[in-house]
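Structure first, then comments.
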Amino acid sequence: MPSIGGLILAAGFSQRAGRINKLLVEYKGESMLSHAANGLAKSRVENIVAVTGHEHETTSALLLDIGIESVYNPAYASGLASSLSVGLQAMAGCDAVVVCLGDMPHVTCSVINDLIDGYNTFTDRALFVPVYQAQRGNPVMIAQRFFEPLIMQTGDRGARRLMSLYPDKVCEIEVDCAGVLKDYDTQAELNQLL
């Protein structure tokens, strides 16, 4: 069986959310980050790593309470690509990795399991993305053959660029979860969540 890892990106500044760290905002008795991490922890991934940066002591401690180890990205201010690079390097032994965003608390373990099923079924594909009502969302699943190009990226970009460069390697997975489309960036969006 392939080795499937889970990666949580939880390093950003939350700049558009104002002075707060949006990942630590409490929602239904837990932080937003805890909800995102628990969805991954309940899935069939074999090991999970989180990448922290901004307020890393607090976020790392919170994740450790759930049983998830963290790696620190000293270049977190440079954008998403650096955190993705640090995380994929930490998971180099995996055949594929599900990359989750810490500000998406509504993603369920069934979504992640659907991506894993897609990976096991469509072996000619390498980039797996959930689709809800014809819209692509997150998390995405990346096969090891694409780790290196992502590790080499810079700036504020993730796997979307690879999907446009290699459309024949993309597999859209239909899911029944609107949460794959909803993240929380601004104070107004956080107010909706709360």
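Sorted by mean Cβ packing within 10 Å, highest first, what order do the peptides 165-176, 73-84 take? It would help to have the intermediate numbers written out before the result.
On the way: 165-176: 14.8, 73-84: 18.8.
In descending order of packing, they fall as 73-84, 165-176.
In whole percent, what relative contact order does segment 65-162 give with Cα contacts below 8 Å and a gap of six or more residues? Could the numbers behind the result be given before it?
Working: 114 pairs, mean separation 37.7, N = 98.
Worked out over segment 65-162, it gives 38 percent.
Describe numerically, in nm with one decimal, the distance between label points set 7 Å from Cα along Cα→Cβ at GLU148 and at PHE122.
About 2.4 nm separates the two model spin labels.
Could you pull the Cα extents of segment 149-194 along its three principal axes, largest to smallest, in whole Å?
For segment 149-194, the Cα extents along the three principal axes come out at 38, 30, 14 Å.
How about LYS182: which lysines have a C-alpha closer than 23 Å to its C-alpha, ignoring those fewer than 8 places off in the same chain?
LYS22, LYS28, LYS42
Per residue, what accessible area does segment 43-194 have, given a 1.4 Å probe and all protein chains present, in Å²?
Working: 7030 Å² over 152 residues.
That works out to 46 Å² for each residue.
³J(HN,Hα) across segment 101-110 via Karplus (A = 6.51, B = -1.76, C = 1.60, θ = phi - 60°), whole Hz, x for Gly/Pro?
Rounded to whole hertz, the list is 9, x, 9, 10, x, 9, 6, 8, 5, 5.
Along the charge dipole of the chain, Cβ charges K/R +1 and D/E -1, which of SER70, THR108, ILE173 sits furthest on the positive end?
Towards the positive end, the residue furthest out is ILE173.
Sort out for me the Cα centre separation of segment 20-86 from segment 149-194, rounded to whole Å.
16 Å
Suppose every K and R has +1 on its Cβ and every D and E has -1 on its Cβ; what is the size of the dipole of the chain about the Cα centre, in Debye to the nearest 20? The partial results should precede the final answer.
Working: 14 positive and 21 negative charges, 71 e Å.
Taking the Cα centre of the chain as origin, the dipole is about 340 debye.
With springs only between Cα atoms under 10 Å apart, run a GNM on the chain and tell me which of SER43, SER70, SER164 wobbles the most.
Answer for the Gaussian network model of the chain: SER164.
Keeping the other protein chains in place, figure out the carbon and sulfur percent of the accessible area of the chain, with a 1.4 Å probe.
On the way: 4380 of 9030 Å².
Taking all protein chains in place, the chain shows 48 percent carbon and sulfur surface.
Tell me the relative contact order for the chain as a rounded percent, counting alpha carbon contacts under 8 Å between residues six or more apart.
Details: 406 pairs, mean separation 51.6, N = 194.
Rounded, it is 27 percent for the chain.
Over its Cα atoms, what ratio of radius of gyration to 2.2 N^0.38 Å does the chain give? Walk me through the numbers on the way to the answer.
Numbers: Rg = 15.4 Å, N = 194, 2.2 N^0.38 = 16.3 Å.
In units of the 2.2 N^0.38 Å rule of thumb, it is 0.94.
What is the Cα convex hull volume of segment 95-189 when expressed per residue in Å³? Can you show the working numbers first?
Numbers: hull volume 10.2 nm³, N = 95.
Output value, Cα hull per residue: 108 Å³.
The values are calculated or read from the model by the stated rules, or taken from the named source; none is laboratory data. Since we're looking at a predicted model, the values are computed, not measured. For neighbour counting, all protein chains shown are included, and Cβ atoms are generated from backbone atoms with ideal geometry for every residue, glycine included. The area values use the complete protein model at the heavy-atom level, side chains included, leaving out ligands, DNA and RNA. Shrake-Rupley method; radii C 1.70, N 1.55, O 1.52, S 1.80 Å.
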